[in-house]
Structures are given as structure tokens and as C-alpha cells.
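Values quoted throughout were computed directly from the atomic coordinates according to the rules given, and no laboratory measurement underlies them. These figures come from a predicted structure and were not determined experimentally. For neighbour counting, all protein chains shown are included, and Cβ atoms are generated from backbone atoms with ideal geometry for every residue, glycine included.
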Amino acid sequence: MLTRLGFATAALDAKLLTGHALGLDTLALATREQDGVTDADALRVADLLQRRMSGESVARIIGEKEFYGLPFRLSPATLEPRPDTELLVDLALEHLPPGGRLLDLGTGTGCIPIAVLANRPDATGLATDLNPDALAMAQDNAERNGVAERLDFALGSWFEALVGPPPLIPPSPRWGGTEGGVTAGSSPASGDQFHLITSNPPYIASAVVETLAPEVKDFDPRLALDGGADGLAPYRVIAAQSARFLAPGGIVLVEIGYDQGAAVAKLFADHGFADIAVHKDLGGLDRVVLAHHFKD
Ligand code: GLN
């Protein structure tokens, strides 16, 4: 099983999971080895190793993942934070003005705004998510990382979290229609304006989700992966609606798939954004689109 899935880090994973099952860190684990383990301990270890062999990541099993040097709790409702997304945080830290206010859409674990605010004591933010379980996890992570007093949370799909649901019943479909369900001309209920809007939206084309590695397709929530028929649906909403929520000179930063740079840049250009740049991750792949909105 290990060979078939090709786990490159099998020995390390086994150590981490054994330590977790026994409540020991790596050093304590090395000492404990000489004493042997009880049957109950051995069963706990075997259970965690079995989960790993079924494709669940070490971070999901342990329930925690490090991102931007900070600990984040995970739940089935949240995407596992990826190192690739640290580029977006770097760019956010670079572009957020002093005392700036940040809006993160579809926050999941909250890793983006929490990492930004943890490094910028002058900044405040608002994080949204469609899933109440994800939002609760993000709130918990904000508390763990000491930024809860500067980060607000709002439940809803994209900008609906800020303006409230559309007045008509039934609720708007997830994609299409009014491009996010916010009716034209409605303004933010809170009157909030942001210097920076960030998002790592779902951007995998629906048909491609099934082809992803088991660690991703079986354990990351589909809601956090599936970006509609062409994977671009969330960017259409964000490009169409962001301007209304941005302070003059504000910026949008979105994570993208490696082959989506040109398409996403064009969507923002079509909605009046300028100075659009596609940034590459450490692997040399297109990963983040930055777009400026200039108010007249
Ligand atoms: N980067 C993730 C992956 O490749 C996708 C995350 C997303 O859709 N936002 O699985």
C-alpha cells in the first residue's frame, strides 16, 4: 500500500503519527522506544498509520498544519493550507498600507488573514466563508494565533457575507445569476471599505476534481476545490464585485491554478482593474494574480 501510493515521506510520517498517538514529541519518542509500548498504545498507532495508508494526510490526522510559521487547526470543512499560498501572504504584507483593512473571501482555516494580521499589528480584517463550520474553525485559529480582536467574521457566499442574502427566495445558485447573488447597486451593510481583498477560492474545473490525488480529492472539501465548469467561476464573482468594497487605490490578490494566469488577468481587466501582474510561486508556476483598482 505504501509503495502503491508512493509516499515519499513514509518514515517521517510514521514517526510523527506514532508520536501523536502516544502523546510524545520526536525527542521523547526516541527515549520512549527503549521502554516498548502497551497493547493499547500499539493499537492507537496502528489506527493512525492505517488512516495515513488510506491517503489521509498527516496534518489531517493530527488536526493541525503549520502555515507561515503559525499553527492552524483543520476540520473536514476546511482546505488544508498549502505552502504555495504563502506567496499570497507575502504579497499581502507588501501591499497592505499602514493601518490597512483586509477582506478575505472563502477563508477556510483563516490562514491568509491570520498570517497577515499576526505579522501586522496595525492591520484589521474581515474573513468570510459559506460554511459555518469553516468559519468557526477560522475563529478558533484567530484566537490561537492572537489576532481575534482584530479579525471579524461573516457567514455567506462571497460578497453576500457583507451585504446579506439577496431579498428573493429561493437563495441564489452558487454560481452564475447575479454573479455572486449581490444585487446591482446594493452597498455594504457595514459600510466597510477594504485596502486589500484576498482569496484562495476553489479553482479546479469540476471534471478535474475527480482526477486529483487521493489526499486532495478524498479529504479536502469539494466546496474548497470545485471552481465550476472551467474552474474560473469564483474569479468572475470576485472581479465583478470587488470594486464596490475597495478603498480608493485598493488591490485584489487571488490565488490561481498554474494555467489560469491569462484568463484571470483578463477577467480583472474587463472589470476596469489595471496594473495587473501574475506572480510565480517557488516552483516557478503562476500562482497569484494581483490587480489594482483605481477609483475615479
Ligand atoms: N492548490 C489546490 C490543489 O492543487 C487547490 C486549491 C484551490 O482550489 N483553491 O489541490
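Once you have a ≥ b ≥ c as the square roots of the Cα gyration tensor eigenvalues for segment 212-288, tell me rounded if a/c is under 1.5, and otherwise prolate or oblate according to whether a/b is larger than b/c.
Working: a/c = 2.23, a/b = 1.60, b/c = 1.39.
Verdict is prolate for segment 212-288.
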(request) Give the span of the chain's Cα atoms along each principal axis, as three whole-Å numbers ordered largest to smallest. (result) 71, 42, 42
(request) Please work out how many pairs of lysine residues in the chain are eight or more positions apart (or on different chains) and have Cα atoms closer than 27 angstrom. (result) 7
(message) Suppose R0 equals 51 Å. What FRET efficiency, 1/(1 + (r/R0)^6) with r the Cβ-Cβ distance, do residue 28 and residue 136 give to the nearest 0.05?
(response) 0.95
(request) Please list, in chain and number order, the residues 5+ apart from residue 64 or on another chain whose amide H is under 5 Å from its amide H, with Hs placed from the backbone. (result) 74
(request) Using the Karplus curve 6.51 cos²θ - 1.76 cosθ + 1.60 with θ = phi - 60°, work out ³J(HN,Hα) for each residue of segment 115-121 in order, rounded to whole Hz, and write x for Gly and Pro. (result) 5, 5, 5, 5, 9, 9, x
(request) Just name one of 99, 272, 238: the one whose Cα is farthest towards the positive end of the charge dipole of segment 77-292 (beta-carbon charges, Lys/Arg +1, Asp/Glu -1). (result) 272
(message) For a quick check: with amide H placed at 1.01 Å from N, whose amide H comes under 5 Å from residue 126's, ignoring anything fewer than 5 positions away on the same chain?
(response) 102, 103, 104, 152
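Taking the Cβ of each residue in 25, 104 as the centre, tally the other Cβ atoms inside 10 Å and list the residues starting with the fewest.
Values: 25 11, 104 29.
With the fewest neighbours first, 25, 104 line up as 25, 104.
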(message) Using all alpha carbons of segment 1-143, what is the percent of pairwise distances in each 10 Å bin, ordered from the shortest bin to the longest?
(response) 11, 33, 28, 19, 8, 1
(request) Pull up all non-local amide H partners of residue 247: gap of 5 or more, or a different chain, and H-to-H distance under 5 Å with H placed in the peptide plane. (result) 194, 195
(request) Per residue of segment 238-247, in order, report the coupling 6.51 cos²θ - 1.76 cosθ + 1.60 (Karplus, θ = phi - 60°) as ³J(HN,Hα) in whole Hz, putting x for Gly and Pro. (result) 5, 5, 6, 10, 4, 3, 4, 9, 9, 5
(request) List, in order, the whole-Hz ³J(HN,Hα) value for each residue of segment 261-278 obtained from phi through the Karplus relation with A = 6.51, B = -1.76, C = 1.60 and θ = phi - 60°; use x for Gly and Pro. (result) x, 5, 5, 6, 4, 5, 4, 5, 4, 4, 9, x, 7, 9, 6, 8, 10, 9
(request) Quick one: among 195, 279, 20, which has the greatest mean-square fluctuation in a GNM of the chain with alpha-carbon springs under 10 angstrom? (result) 20
(message) So if I place +1 on the C-beta of Lys and Arg and -1 on the C-beta of Asp and Glu, and nothing else carries charge, what would the dipole magnitude of segment 106-150 be about its Cα centre? I want it in debye, nearest 20.
(response) 140
